[in-house]
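The values are calculated or read from the model by the stated rules, or taken from the named source; none is laboratory data. All values derive from a computational prediction rather than experimental measurement. Note: ideal-geometry Cβ built from the backbone for every residue, glycine included; neighbour counts use all protein chains shown. For accessibility, only protein heavy atoms count, side chains too; no ligands or nucleic acids. Shrake-Rupley method; radii C 1.70, N 1.55, O 1.52, S 1.80 Å.
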Amino acid sequence: MVAKTVAQHSSPEALWSVSPRVLPSTVPTVTPHLASVAVAGTGPHAAKTATFAAPESTDLTYAEVVASPVAGARTQSSVAQPWGRVLLAAAMAGVLGVAYAYRRSNGSVAGSRHIEFSCCVLVNGQELKTVVVTGATGRTGQLVIKALLERADDVTVKALVRDPTVAREKLQSLEAGHRLKLVACNLENESQVSAVCSDADAVVWCASGFTSGNSLADRVKKLVGQEPEKKDIDSVALPVIAEAMKLHNREPSAWPRVVMLSSAGVTRPVWPEEKKQRLIGAADIPIVRLNPFGVLDRKRAAEQMLRDSGASYTIVRPTGLNDEQAPGRPIFSQGDVAVGRISRSDVADVLVRMLLDEAGCMGKTFEVVAMPDLAKPQSYEQQLTRLVPDTQALDEVSVEAQYNILQQLLPGETLQPNKLAMGQTYEQLDKGETGRLGERGQEKIPTTPFGRND
């Protein structure tokens, strides 16, 4: 178990080889009652210091955490978990105060010594220090950076940007001091991307868009009268990032090395016709029907590149991103049948929690939609446990069952997303109003690829 520092301790000889960086990896046994620990603050990772009792005896095999009589405290038990992990789990849950209770296996009360140490970001006993965020100046990327800085006090965030001056203006509201580093990086430049990831513990991928057509190869093509091919930035930079994560982080990690923001709908263009008709409320929505510039195909290909890379990952596929929807409860599903809306702040929260809090997310791809104004769960452990890893085939019966449920959670009253036009809201559909891009089948979609958000 790794901790940032051990600031103070009394009688350290009574502890298990406590050093400035190492805490005991196991806590010998328990049943309640003995010592208390105070965790300051109410938000995730709010605890800066904590005091707990270290048993004198080593005949203890598990620990139980119970709520202390502090307003807002929550009961949380953890059996057969490393001590530091138990403490951090309590802090991350926003606990105001907890009590640790220990007895020896024979029932007698164990003695104690107190130790105070600074909390750091521990994920299953490993320390997360540096996180790279791509697409940092985009609307979702900015929220991801904000969430990381708020939830992880000791993490340094490297925001990859094309223009640091522009980025500084967009991110100036984030008071992060030295913990936020703006790094000029062209995602089309493999050597730059690999270099900036060399000291990173993880990457949150929020970038999207197409290459600029200004690479050396592209300029050569222009000289001979050829038009450079526009490539999506995902397929250009993601494989490089995944390789860098493998190269510079050879030890297995307790968190995904790459958390990818993808999109719901990426597999639907290639569904068999029978499936498209059977699941028409997912297959015939505007983004799938029109698939402008093949964006869904490109995202699908980039996802597979990440899976094939060998780097540990989590792929999150949100439904329609909406800046006006109230935050709410994310609903996870698999099979690419989710339709609806989700606020960008909810997406950012999910991406960050997959990195910091949720051990069951690795090697999984899932869709997410949100129910506005419903409270978020304290943990996504149950939801993630129900999801299957990408190495396991999905049961089509289960996929259709998820589709049938999710179609009942659609916004609006019509509940027929296959009647939507591109640019039309669910509420406009209910009222018979035309959307901003025109009638269904006659939408005026952009004629040039979307801009970059990095």
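Can you order the peptides 413-424, 275-286 by their average number of other Cβ atoms within 10 Å per residue, highest first?
275-286, 413-424
Given points 7 Å out from each Cα along the Cα-Cβ axis, report the K444 to L247 separation in nanometres with one decimal.
4.7
Across segment 436-446, in residue order, what do the Karplus-derived ³J(HN,Hα) couplings come to in whole Hz, using 6.51 cos²θ - 1.76 cosθ + 1.60 with θ = phi - 60° and x for Gly and Pro?
Calculated HN-Hα couplings, in order: 5, 9, x, 5, 4, x, 10, 5, 8, 7, x Hz.
Within 11 Å, Cβ to Cβ, of V369, how many net charges do the neighbouring residues add up to if Lys/Arg are +1 and Asp/Glu are -1?
Neighbourhood net charge equals +1.
Show D430, D234 ordered by accessible area, largest first, where the area counts protein heavy atoms only and the probe is 1.4 Å.
Details: D430 55, D234 5 Å².
Sorted by accessible area, descending: D430, D234.
Which of the residue pairs K181/K376; K230/K444; K146/K181; K276/K419 have a Cα-Cα distance greater than 18 Å in the structure shown? Working shown, then result.
Details: K181/K376 30 Å; K230/K444 22 Å; K146/K181 13 Å; K276/K419 14 Å.
Over 18 Å apart, Cα to Cα: K181/K376; K230/K444.
Could you calculate the contour length gain from E413 to D395, that is, 0.36 nm times the residue separation minus the distance between their Cα atoms, to one decimal place in nm?
3.5 nm
Quick one: putting +1 on the C-beta of Lys and Arg, -1 on the C-beta of Asp and Glu, what dipole do you get for segment 123-409 around its Cα centre, in Debye to the nearest 20?
Once rounded to the nearest 20, the dipole reads 480 debye.
Under 1.5 on a/c is rounded, so check that first for segment 123-409, then, if it is not, pick prolate when a/b is larger than b/c and oblate when it is not; a ≥ b ≥ c are the square roots of the alpha carbon gyration tensor eigenvalues. Walk me through the numbers before you get to the answer.
Values: a/c = 1.57, a/b = 1.16, b/c = 1.35.
Oblate, since a/c reaches 1.5 and b/c is not below a/b.
I'd like to know which of S309, P286, L296 lies farthest towards the positive end of the charge dipole of segment 281-327, counting +1 on Cβ of Lys and Arg and -1 on Cβ of Asp and Glu.
S309
Listed highest first by mean packing, meaning other Cβ atoms within 10 Å per residue, what order do 188-196, 371-379, 298-306 come in?
Per-residue Cβ counts within 10 Å, averaged per peptide and sorted highest first, yield 298-306, 188-196, 371-379.
Can you tell me how much longer the chain between V388 and R168 gets when fully stretched, taken as 0.36 nm per residue apart minus their C-alpha distance, in nm with one decimal?
Value of the extension gain: 75.2 nm.
Expected output is a single nm value to one decimal: the length gained when fully extending between D308 and M371, i.e. 0.36 nm times separation in residues minus the C-alpha distance. What is it?
Values: separation 63, 0.36 × 63 = 22.68 nm, distance 3.29 nm.
So the extension gain works out to 19.4 nm.
Tell me whether segment 256-362 comes out rounded, prolate or oblate; compute the Cα gyration tensor, take square roots of the eigenvalues as a ≥ b ≥ c, and use a/c under 1.5 as the rounded threshold.
oblate
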